[in-house]
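The values are calculated or read from the model by the stated rules, or taken from the named source; none is laboratory data. As the structure is a prediction and not an experimental result, all values here were calculated from the model. Note that each Cβ is placed from the backbone with ideal geometry, even for glycine, and that neighbours are counted across all protein chains shown.
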């Protein structure tokens with residue numbers, strides 16, 4: 001999403017300036033072309049050499065640096081940028097921009113650009129709550145500038161409260177959103193992800209190898225494209241994407257309750273979770289002890305079919321299912337597509353290299369209710385999520 005995007009990263013004077021280094025690393029890893037502007041105060045906390053080394057570009061520090069002006073110039077920085085992000089953004093720089101003051105390279109570039117501008121404020125909690133600052137922020141929001149809410153916690157100044165710079169990952173996700181077409185505004189997308197666990201006793205359970213990566217990628221991409229997103233997830237090691245409404249579930253019964261409770265709000269439902277088909281008929285109250293016999297018999301009973309229930313009440317919703325198969329991929333996926341009353345099913349053969357569980361890539365086929373089949377090559381799960389949402393946006 002950020003490959004070859006031109007981003008100007010403005011760094012102002014604050015103890016949180018060191019976090020801008022990690023933000024720059026995320027941009028570079030995503031393929032963005034980053035130019036860094038540092039204020040004089042920012043250079044008291046982190047040296048320009050650090051940013052220059054990571055970005056591969058000279059760091060811009062002075063409005064009247066003739067060498068820099070000949071090579072790029074502050075107007076060129078402003079004109080070429082796809083996005084300006086100021087992190088950390090002090091009360092000082094926000095106040096100056098609010099008043100139309102352009103007295104250094106950073107504020108001049110902000111004033112000259114037509115690209116989106118994102119401020120990530122970081123300051124003392126009393127400054128954050130000061131009516132003068134609040135007025136400046138609200139004024140800039142009204143003029144179309146974007147802001148991230150600072151985090152709460154223990155501040156470097158010794159106070160505790162709101163004013164911490166958001167984590168670099170959160171700033172990165174907001175930048176992604178600002179650079180992504182907002183073609184899902186007005187949609188509410190309900191996504192399920194991850195495995196379920198069916199308890200045998202207080203220690204053991206039945207589950208599967210789903211990591212949740214595919215469902216989380218879909219939820220993250222939908223947020224970036226402007227949708228309201230509800231993510232219902234089984235147990236995973238993943239962090240919920242910023243901006244989603246998150247509901248955790250462990251068993252299939254808990255996931256069913258969460259999904260059906262939220263289905264009425266959704267216009268699009270994507271069931272990417274690997275829900276257990278069966279559960280133990282009884283759960284032992286205590287740990288099952290190993291007995292003398294070499295064999296043990298488990299009695300299982302069917303779990304409710306959440307996807308089939310959604311198909312029965314689908315109405316105008318766009319309903320997407322997933323089919324992870326090991327044989328007869330198209331036949332099995334096509335049968336599921338029809339029997340569950342789906343609009344689209346995403347099928348993959350988990351025996352193919354790069355398409356199974358616990359990997360960052362997938363090889364999928366889209367099967368549509370009208371009989372159309374679209375095959376995709378191996379790509380990252382983030383790319384698969386983007387292709388899926390392209391289809392949903394077009395067909396909605």
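Within segment 96-113, the set of residues being touching a strand residue (DSSP E or B) at 6+ places or on another chain (Cβ under 7 Å) and in a helix (DSSP H, G or I) comprises 105, 106, 109, 110. Considering every residue within segment 231-253, establish whether at least one is more than 30 Å from residue 170 (Cα to Cα) and in contact (Cβ under 8 Å) with a residue 12 or more places away in the chain. Yes: one or more hits.
Here the strands (runs of 3 or more DSSP E) wholly within segment 146-216 that include at least 1 residues being over 23 Å from residue 115 (Cα atoms), assigned by TED's automatic domain parsing to the domain that holds residue 91 and modelled with pLDDT under 95 are 151-154, 160-164. Does residue 352 satisfy the condition of being in contact with a helix residue (DSSP H, G or I) (Cβ under 7 Å, 6 or more places away or on another chain) and at pLDDT below 95? It is false that residue 352 is in contact with a helix residue (DSSP H, G or I) (Cβ under 7 Å, 6 or more places away or on another chain) and at pLDDT below 95. The residues in segment 87-105 that are modelled with pLDDT of 95 or more, touching a helix residue (DSSP H, G or I) at 6+ places or on another chain (Cβ under 7 Å) and within 14 Å of residue 40 (Cα to Cα) can be counted, and the count is 2.
Every residue, every condition in (1) free of Cβ contacts under 8 Å to residues at least 24 places away in the same chain; (2) over 26 Å from the mean Cα position of the chain (by Cα); (3) in a loop (DSSP other than H, G, I, E, B), yes or no:
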position	(1), (2), (3)
315	yes, yes, yes
334	no, yes, no
348	no, no, no
351	no, yes, yes
374	yes, no, no
383	yes, no, no
386	no, no, no
394	yes, no, no
